[in-house]
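Visitor: Please see the structure below; I have some questions.
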Amino acid sequence: MADETYSLGAHSFRSRLIVGSGKYESFEQNLAAAEASGAEMVTVALRRTQLDAPKGQGLLDFISPDRFVILPNTAGCYTADDAISTARLARELLDTNLIKLEVIGDERTLFPDVAATIAAARVLVDEGFTVLPYVSDDPVACQQLAAMGCAAVMPLAAPIGSGLGICNPANLRIIIETVEVPVIVDAGVGTASDAAIAMELGATAVLMNTGIAAAKDPIKMARAMKLGIEAGRLAYEAGRMERRLYASASSPLDGTAAF
């Protein structure tokens with residue numbers, strides 16, 4: 001697996017785990033978890049990050065662009081215009097075309113506003129951004145976003161921060177089978193088995209934050225998530241056995257038995 005890569009715009013990655021940078025007790029803990037996860041990319045909420053903090057006291061002093069690819073996101077935006085403005089600001093401040101596009105449509109569930117997400121994505125793609133849109137597990141919306149030039153689609157597994165795991169595996173499978181860009185499962189992963197299931201379905205990668213940050217031991221959970229991702233990917237590549245309703249003997253019944 002070490003030699004297997006996937007690409008998002010101009011960037012190539014070996015790790016199939018992307019982690020966040022919120023809800024940790026400290027920047028030091030955030031860094032330790034990111035390192036334990038093996039992640040190469042960390043997402044940063046531009047609206048919730050003090051980028052002008054005194055030297056040595058800001059998030060990017062710990063989650064350094066020299067160590068990780070920084071994926072700015074438009075978390076906290078509720079309109080397409082706000083998301084577009086935030087993406088432009090991220091490109092100016094962080095010198096990157098990467099953007100995780102979030103346009104929230106419902107404050108209680110934090111489900112995305114799909115129509116506004118598509119509208120914002122169209123503008124940002126035209127402006128040369130590498131757009132990674134957070135979207136509901138809607139195959140049609142994902143197909144539309146992929147067709148307009150988004151570098152990936154990021155359907156949710158469950159509501160953000162819920163830890164409910166993969167609520168709708170059938171839709172995720174349809175998305176994976178019908179789009180020709182990477183599918184990054186985003187939101188709702190609570191533990192390593194959830195990550196493994198996402199990868200067994202054929203997802204390209206998984207993005208998570210709360211599942212690690214809210215664990216009793218975030219560093220151990222980060223390591224567990226890394227192993228879950230690797231196990232799920234290997235199982236997907238290996239191809240699981242066919243499901244059967246009845247038993248099938250493990251030892252062949254044909255041939256001569258030795259006594």
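Visitor: Scan the range 133-144 and report the pairs whose first residue is among the small types (Gly, Ala, Ser) and whose second residue is open to solvent by 30 Å² or more (accessible area, probe 1.4 Å), with Cβ atoms within less than 7 Å and a gap of 6+ or a chain change.
Guide: SER136/PHE111; SER136/VAL114; ALA141/VAL114
Visitor: While we're looking at this one, here's another question. Give LEU132, LEU201, LEU164 a once-over and let me know the one that is under 23 Å from SER15 (Cα atoms), open to solvent by 10 Å² or more (accessible area, probe 1.4 Å) and of a type outside the set (Gly, Ala, Ser). Quick ask: steps written out before the conclusion?
Guide: Values: LEU132 fails: open to solvent by 10 Å² or more (accessible area, probe 1.4 Å); LEU164 fails: under 23 Å from SER15 (Cα atoms).
Just a single option satisfies the conditions, and that option is LEU201.
Visitor: Given the options ASP66, ASP61, ASP52, ASP82, name the one that is open to solvent by 40 Å² or more (accessible area, probe 1.4 Å), among the acidic types (Asp, Glu), in contact with a Ser or Thr (Cβ under 8 Å, 6 or more places away or on another chain) and outside any strand (DSSP E or B). Explain how you work it out, then say what you get.
Guide: Working: ASP66 fails: in contact with a Ser or Thr (Cβ under 8 Å, 6 or more places away or on another chain); ASP61 fails: in contact with a Ser or Thr (Cβ under 8 Å, 6 or more places away or on another chain); ASP52 fails: in contact with a Ser or Thr (Cβ under 8 Å, 6 or more places away or on another chain).
Every option except ASP82 fails the conditions.
Visitor: Could I ask something else about it? Return the residues of the range 188-198 that are open to solvent by 20 Å² or more (accessible area, probe 1.4 Å) and closer than 23 Å to SER12 by Cβ; say none if nothing qualifies.
Guide: Answer for the range 188-198, where residues must be open to solvent by 20 Å² or more (accessible area, probe 1.4 Å) and closer than 23 Å to SER12 by Cβ: there is none.
Visitor: Next question. Whether any residue in the range 90-101 is part of a helix (DSSP H, G or I) and crowded, with 20+ Cβ neighbours inside 10 Å is what I want to check.
Guide: We begin by selecting, within the range 90-101, every residue part of a helix (DSSP H, G or I); these are 90-94.
With the extra rule that they be crowded, with 20+ Cβ neighbours inside 10 Å, the set shrinks to 90.
Yes, that holds for at least one residue.
Visitor: Mind listing whichever residues of the range 102-123 are surrounded by fewer than 20 Cβ atoms within 10 Å (Cβ to Cβ), aliphatic (A, V, I, L, M) and out of contact with any helix residue (DSSP H, G or I) (no Cβ under 7 Å at 6 or more places or on another chain)?
Guide: LEU110, ALA115
Visitor: Would you tally the residues in the range 184-238 being of a type outside the set (A, V, I, L, M, F, W, C) and at positive phi?
Guide: Just the residues of the range 184-238 that are of a type outside the set (A, V, I, L, M, F, W, C), to begin with: 186, 188, 190-191, 193-194, 200, 202, 204, 209-211, 216-218, 220, 223, 226, 228, 230, 232-233, 236-237.
Subsequent filtering for residues that are at positive phi retains 188, 202.
Final tally of qualifying residues: 2.
Visitor: Quick check, is ASP126 under 25 Å from ALA90 (Cα atoms) and open to solvent by 30 Å² or more (accessible area, probe 1.4 Å)?
Guide: Values: under 25 Å from ALA90 (Cα atoms): yes; open to solvent by 30 Å² or more (accessible area, probe 1.4 Å): yes.
Against the criterion (under 25 Å from ALA90 (Cα atoms) and open to solvent by 30 Å² or more (accessible area, probe 1.4 Å)), ASP126 qualifies.
Visitor: Also, I was wondering about something else. Give the residue, chosen from ASP66, ASP81, that is at pLDDT 95 or above, of a type in the set (Asp, Glu) and either more than 25 Å from ASP138 (Cα to Cα) or more than 19 Å from the chain's Cα centre (by Cα) (or both).
Guide: ASP81
Visitor: Is there a residue in the range 168-187 that is assigned to a helix (DSSP H, G or I), farther than 23 Å from PHE129 by Cα, open to solvent by less than 10 Å² (accessible area, probe 1.4 Å) and not aromatic (Phe, Trp, Tyr)?
Guide: Taking every residue of the range 168-187 in turn, at least one turns out to be assigned to a helix (DSSP H, G or I), farther than 23 Å from PHE129 by Cα, open to solvent by less than 10 Å² (accessible area, probe 1.4 Å) and not aromatic (Phe, Trp, Tyr).
Visitor: Mind listing just one residue for me: the one in the range 104-131 that is in a loop (DSSP other than H, G, I, E, B) and either touching a His at 6+ places or on another chain (Cβ under 9 Å) or of a type in the set (Phe, Trp, Tyr) (or both) and, of those, nearest to ALA152 (Cα to Cα)?
Guide: Looking only at the range 104-131, we keep the residues that are in a loop (DSSP other than H, G, I, E, B), and these are 105-111, 113, 127-129.
After this cut, where a residue has to be either touching a His at 6+ places or on another chain (Cβ under 9 Å) or of a type in the set (Phe, Trp, Tyr) (or both) as well, the list is 111, 129.
Numbers: PHE111: 18, PHE129: 12 Å.
Per the criteria, the residue is PHE129.
Visitor: Sticking with this structure for a sec: Taking into account only those residues within the range 15-27 that are at pLDDT below 95 and either part of a helix (DSSP H, G or I) or touching a Ser or Thr at 6+ places or on another chain (Cβ under 9 Å) (or both), which is farthest from VAL181 (Cα to Cα)?
Guide: Just the residues of the range 15-27 that are at pLDDT below 95, to begin with: 20-27.
Of the ones still in play, those that are also either part of a helix (DSSP H, G or I) or touching a Ser or Thr at 6+ places or on another chain (Cβ under 9 Å) (or both) are 20-23, 27.
Working: GLY20: 22, SER21: 25, GLY22: 27, LYS23: 30, PHE27: 33 Å.
The extreme case among them is PHE27.
Visitor: Let me ask something additional. Considering only residues that are without any contact (Cβ under 8 Å) to a residue 60 or more places away in the chain and over 19 Å from LEU71 (Cβ atoms), which ones fall in the range 205-219? Reasoning before the result, please.
Guide: In the first step, residues of the range 205-219 are kept if they are without any contact (Cβ under 8 Å) to a residue 60 or more places away in the chain; the result is 211, 215-217.
Selection gives ALA215, LYS216, ASP217.
The values are calculated or read from the model by the stated rules, or taken from the named source; none is laboratory data. Quantities reported herein were computed from a predicted structural model and do not represent experimental measurements. Virtual Cβ from ideal backbone geometry, glycine too; neighbours counted across all protein chains shown. These area figures cover heavy atoms from the full protein model, side chains too; ligands, DNA and RNA do not enter into them. Shrake-Rupley method; radii C 1.70, N 1.55, O 1.52, S 1.80 Å.
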